[in-house]
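Reviewing the structure listed below.
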Amino acid sequence: MERRTFIKNAGLAGGMIIMSPHLANAKAPEEFDFPLIDLHVHLTNDYTIERMMEIAKTRNVKFGILDHPADWAISNDADLRKYIDKLRKYPVYIGLQPIDLEWTKRFSPELLSQIDYVLMDPQRVPMGNGETLSIWQFDTYVEDTEEFMKRYMAYSMEVLNNQPINIFGWPLFLPVCIARDYYTLWTQERMQQIISAAKKRNIAIEINDMAHTPHDKFIIMAKAQGLKFTFGSDSRNQNAGRLAYSKSVAKKCNLKKEDFYIPGKS
Ligand SMILES: [Zn+2]
């Protein structure tokens, strides 16, 4: 034990001596050339906009707030008006996260145009037999992986080709039961299909901090084809703006500020 402690300390001291001439020029570990914006933050009764603003300030991250167009959330123009009016007083981007393909019918185009951005994910996968899988749920049951991937890709294409969105959320996420096959299931061909569809309509790719998706290879492929990215925690708690995975993979892929989508800029 004593010996191990000694070696550890000696190692550290040796490291310091080697490092010291360069310390003045050493880059801080947090240094990077991209904006810190978490465009996937939800509010709750506990995590109000005021509380989220405190977190944003502490972490020095700008937030984009999302809520769902749905009967139980923002169901019509009046709700949307209230949502926008409430949030406009704060230095946040205001977004919507639709969960079905018919959501625009709830709102007038004039009011919708006041929203800063729309993020949609392909997580409610219609299986073609009347069943819809909510793939974020831990107990999602996948009977036939290839059949699932076929349906998942088809729904992703529906979202990417036809929905009026700015950001594709939760890219490449897989249900827990098949997640260990991630690198085999995300073939070059499937990844390219998603990239081409997003590229065609200038849709940015979310680097999802909760799921740790997508991985570096996908990001590098997408970047090479000119796609933009965003960071998203999908948080409704203290994790808003933490972005550990998002930042580290962005650094690894050498993303710069011009690789990021900022709401309000095309
Ligand atoms: Zn969300």
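Here are a few things to note about the model shown:
- When the test is whether a residue is within 16 Å of the ligand (Cβ to nearest atom) and either part of a loop (DSSP other than H, G, I, E, B) or more than 19 Å from Met221 (Cβ to Cβ) (or both), Ile165 passes it.
- Among the residues of the range 52-69, the one identified as within 12 Å of the ligand (Cβ to nearest atom) and of a type in the set (Val, Ile, Thr) is Ile65.
- Boolean, Ile207 is away from the ligand (no atom under 15 Å from the Cβ) and modelled with pLDDT of 95 or more: no
- Residue match in the range 176-187 (condition: in contact with a Leu (Cβ under 6 Å, 6 or more places away or on another chain) and assigned to a loop (DSSP other than H, G, I, E, B)): yes
Residues are listed down the side, and each one gets a yes or a no for (1) within 16 Å of the ligand (Cβ to nearest atom); (2) under 24 Å from Ala154 (Cα atoms):
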| position | (1), (2) |
| --- | --- |
| Leu174 | no, yes |
| Tyr183 | no, yes |
| Thr187 | no, yes |
| Phe229 | no, yes |
| Gly241 | yes, no |
| Lys251 | no, no |
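- Selection status of Arg236, within 16 Å of the ligand (Cβ to nearest atom), among the basic types (Lys, Arg), at pLDDT 95 or above and surrounded by fewer than 23 Cβ atoms within 10 Å (Cβ to Cβ): yes
- With respect to being in a loop (DSSP other than H, G, I, E, B) and either at pLDDT 95 or above or closer than 20 Å to Lys247 by Cβ (or both), Phe32 fits the description.
- Filtered residues of the range 70-119 (kept if more than 15 Å from the ligand (Cβ to nearest atom), under 19 Å from Ile167 (Cα atoms) and acidic (Asp, Glu)): Glu102, Asp116
- Positions within the range 54-86 being without any contact (Cβ under 8 Å) to a residue 12 or more places away in the chain and hydrophobic (A, V, I, L, M, F, W, C), in sequence order: Trp72, Ala73, Ala78
- Residue, nearest to Pro126 (Cα to Cα), within the range 81-115, restricted to residues that are touching a helix residue (DSSP H, G or I) at 6+ places or on another chain (Cβ under 8 Å) and aromatic (Phe, Trp, Tyr): Phe107
- Unique residue being away from the ligand (no atom under 16 Å from the Cβ), over 24 Å from Phe260 (Cα atoms) and surrounded by fewer than 18 Cβ atoms within 10 Å (Cβ to Cβ) when the list is Met127, Met149: Met127
- Matching residues, the range 212-244, being in a loop (DSSP other than H, G, I, E, B) and within 17 Å of Lys57 (Cα to Cα): Ser233, Arg236, Asn237, Gln238, Asn239, Ala240, Gly241, Arg242, Leu243
- Selection within the range 37-51: residues that are assigned to a loop (DSSP other than H, G, I, E, B) and crowded, with 17+ Cβ neighbours inside 10 Å. The member of this set that is farthest from the ligand (Cβ to nearest atom) is Tyr47.
- Yes/no for Gln193 being part of a loop (DSSP other than H, G, I, E, B), more than 16 Å from the ligand (Cβ to nearest atom), out of contact with any Cys (no Cβ under 6 Å at 6 or more places or on another chain) and farther than 21 Å from Ser233 by Cα: no
The values are calculated or read from the model by the stated rules, or taken from the named source; none is laboratory data. Everything numeric in this text was worked out from a predicted model, so none of it was measured. Reconstructed Cβ throughout: ideal geometry from the backbone, glycine too, with neighbour counts over all protein chains shown.
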